[in-house]
Amino acid sequence: MVLRVQVRSRGRSDLIDITEKIRALVRESKVQDGICFLYVPHTTAGILINENADPSVARDILNELERLIPWDGHYQHREGNAAAHIKSSLAGASETIFIEAGELALGTWQGIYLAEFDGPRQRNVWVKFLVTQK
Ligand code: ZN
C-alpha cells in the first residue's frame, strides 16, 4: 500500500519541512524495523534531506540554486519552467530512510523537505514502508 501525503507550497521555490508528517505516518504504521521510501511524482519538485535546525540553511539552498539555475536563463523548454525541471533533477525524486525502534533513523540535524521549484501549488509525496527483520 502506498500512502499519500499532500503538501501545499507557498512560493515559486520553497522548501517545506515534512519531517513531522512522515514521523507521524511511521508511528501510525507500527513498523518497528524497516525502510521508509519517499517518492515525489513531479517533474518540477523534488525531495531532499538537510538541516532543519537553522532555517537559514534552507534559504541558502534555495538562493544558491536560483543563482546557479536562474528562472530567466536561456533554455529550450517552451513551457517556460526549465529552471524548475533542472532543480528538480538535482534534488531528486526519492529518499530512503531506515526505521529503527519504530522511529525514522535521521541524523540529529536532518529534516526531510519537499522541494518546490514551480509553485505555489499542491504537491504529493508517496510513502511506502518495508518491514524488515530486527
Ligand atoms: Zn515544463
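Pick from Val40, Val57, Val26: which is most flexible by mean-square fluctuation in a GNM of the chain where alpha carbon atoms under 10 Å apart are linked?
Answer for the Gaussian network model of the chain: Val57.
Starting at the first residue of segment 66-71, write each ³J(HN,Hα) from the Karplus equation 6.51 cos²θ - 1.76 cosθ + 1.60 with θ = phi - 60°, in whole Hz, x for Gly and Pro.
Using θ = phi - 60°, the values come out as 5, 5, 6, 10, x, 4 Hz.
When the Karplus curve 6.51 cos²θ - 1.76 cosθ + 1.60 is applied with θ = phi - 60°, which whole-Hz ³J(HN,Hα) does each residue of segment 95-106 get, with x for Gly and Pro?
Computed from phi, the couplings for segment 95-106 are 9, 10, 10, 6, 10, 10, 6, x, 10, 4, 8, 9 Hz.
Which of Gln110, Gln32, Gln122 moves the most in a Gaussian network model of the chain with Cα springs under 10 Å?
Evaluated over the chain, the most mobile residue of the options is Gln122.
For segment 8-39 and segment 63-82, what is the separation of their Cα centres, given in Å?
Each part's Cα centre sits 28 Å from the other's.
How do Tyr39, Tyr113 rank when sorted from fewest to most other Cβ atoms within 10 Å of their own Cβ? Don't skip to the answer; put the middle values down first.
On the way: Tyr39 16, Tyr113 23.
Listing Tyr39, Tyr113 from fewest to most nearby Cβ atoms yields Tyr39, Tyr113.
Would you pull out the residues with amide H under 5 Å of Phe98's amide H, same chain only if 5 or more places away, H placed 1.01 Å from N?
Cys36, Ala105
Once amide H atoms are built 1.01 Å from N in the peptide plane, which residues 5 or more positions from Glu51, or in another chain, come under 5 Å H to H?
Those qualifying (amide H under 5 Å, at least 5 residues apart or on another chain) are Gly111.
For the chain, what is the mean residue ellipticity at 222 nm derived from helices alone (per DSSP H run of n ≥ 4: -39500 (n - 2.57); sum divided by total residues; nearest 500 deg cm²/dmol)?
Numbers: 3 runs with 35 residues, N = 134.
My calculation for the chain gives -8000 deg cm²/dmol from helical runs alone.
Given a Förster distance of 22 Å, report the FRET efficiency between Val2 and Gln122 from their Cβ-Cβ distance, rounded to the nearest 0.05. List each step's numbers first, then the result.
Details: r = 17 Å, r/R0 = 0.79.
Once rounded, the FRET efficiency stands at 0.80.
Which of Ser88, Ser13, Ser56 ends up with the largest GNM mean-square fluctuation for the chain, with Cα atoms connected below 10 Å?
Ser56
Based on other C-beta atoms within 10 Å, arrange His74, His42, His85 from fewest to most. Intermediate values should be presented prior to the final figure.
Working: His74 6, His42 20, His85 16.
Fewest-to-most Cβ neighbours within 10 Å comes out as His74, His85, His42.
Cα atoms only, the chain: Rg and Dmax in Å?
Calculated on Cα positions, Rg and Dmax stand at 15.6, 52 Å.
Quick one: net charge of Gln6's neighbours, Cβ under 10 Å, K/R +1, D/E -1?
Residues near Gln6 contribute +4 overall.
How much net charge surrounds Val125 when only other residues with a Cβ under 9 Å from its Cβ are counted (Lys, Arg +1; Asp, Glu -1)?
Numbers: positive: Arg4, Lys21, Arg123; negative: none.
Value of the local net charge: +3.
Read-outs throughout are calculated quantities, based only on the coordinates presented, and are distinct from any laboratory measurement. What you are looking at is a predicted structure, and each value in this text was computed from that prediction instead of being measured. Because the Cβ atoms are built from the backbone with ideal geometry, glycine has one as well, and the counts that use them run over all protein chains shown.
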